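Heads up, the thing below is written out as structure tokens.
The values are calculated or read from the model by the stated rules, or taken from the named source; none is laboratory data. Fair warning: this is a prediction, and the values are worked out from it, not measured in the lab. A quick note on method: Cβ atoms are made from the backbone with ideal geometry, for glycine too, and the neighbour counts reach across all protein chains shown.
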Amino acid sequence: MSHETLAVLISGGLDSAILLGDVLRRTLAVFPIYIRCGLSWEAVEFAYLERYLDALRCPGLKPLTVLAQPIADVYGPHWSITGRDVPDADTPDDAVFLPGRNVLLLAKSLLWCHLHRVPALALGSLQTNPFPDATPEFFAGFQNLLNQAMQGRVEVCLPFGGMKKTAVLKLGAELPLEHTLSCIAPVGALHCGRCNKCAERRHAFADAGMADRTRYDA
């Protein structure tokens, strides 16, 4: 990426956290954006994110922008809202699909970039993301749609789009990854250790040959 100023769409998870830490190494001004949708794990996720941002504090890291995009009225009794019947470690990855997730995340964050004259928005989407709203064609189409609506030229950047999770983890080996959250059913402030995303996290650290400093409940 050649931009001296950009926004990074960040959750509490590994991929977006590593992306933020990586772009801070070579970008003059980075604006982190968090989208609050009302998902069951967000309170814990946000606490992790605040600790992570505190650990990365530097002149180039701008204050966190939090945008509200509530989805409970659309999702209804979905597991991501209720916290019940959360996909466990034995479920396939497509069980954790959140309908329209990237539509929700991109809509307000791209509009924010347009209104604040930030020329690019970076996401931590990986090569291995299997979902239909995570393809290069989707991101390009959504970028063009918002640019048409705003008569602007904000770019959607996917720095990890050609990478797998193991390579991304190694890129973030020196970052405080213990302050990230992958869990979709946290127990207090701990990763549950039983859900689909906890299993993915454990496998990723093992595959990368890196110490996993995550605190799991099980």
With the checklist (1) surrounded by 19 or more Cβ atoms within 10 Å (Cβ to Cβ); (2) closer than 30 Å to GLN148 by Cα; (3) touching a strand residue (DSSP E or B) at 6+ places or on another chain (Cβ under 7 Å); (4) hydrophobic (A, V, I, L, M, F, W, C) in hand, flag the one item ILE71 doesn't pass. (3)
Can you work out which of the residues in segment 148-166 that are in contact with a helix residue (DSSP H, G or I) (Cβ under 8 Å, 6 or more places away or on another chain) and part of a helix (DSSP H, G or I) is modelled with the highest pLDDT? MET150
Find all pairs meeting these conditions: Cβ atoms under 9 angstrom apart; at least six residues apart or on different chains; first residue within segment 1-25 and among the charged types (D, E, K, R); second residue in a strand (DSSP E or B). GLU4/ALA29
Please find, within segment 175-188, the residue that is surrounded by the most Cβ atoms within 10 Å (Cβ to Cβ) out of those that are out of contact with any Phe, Trp or Tyr (no Cβ under 8 Å at 6 or more places or on another chain) and either without any contact (Cβ under 8 Å) to a residue 12 or more places away in the chain or closer than 20 Å to ALA43 by Cβ (or both). SER182
Where in segment 1-80 are there strands (runs of 3 or more DSSP E), lying fully within it, with 1 or more residues that are at negative phi, within 16 Å of the chain's Cα centre (by Cα) and charged (D, E, K, R)? 29-36
Picked from segment 88-105 (must be within 19 Å of the chain's Cα centre (by Cα), surrounded by 15 or more Cβ atoms within 10 Å (Cβ to Cβ) and touching a residue at least 60 places away in the same chain (Cβ under 8 Å)), the residue farthest from VAL44 (Cα to Cα) is ASP93
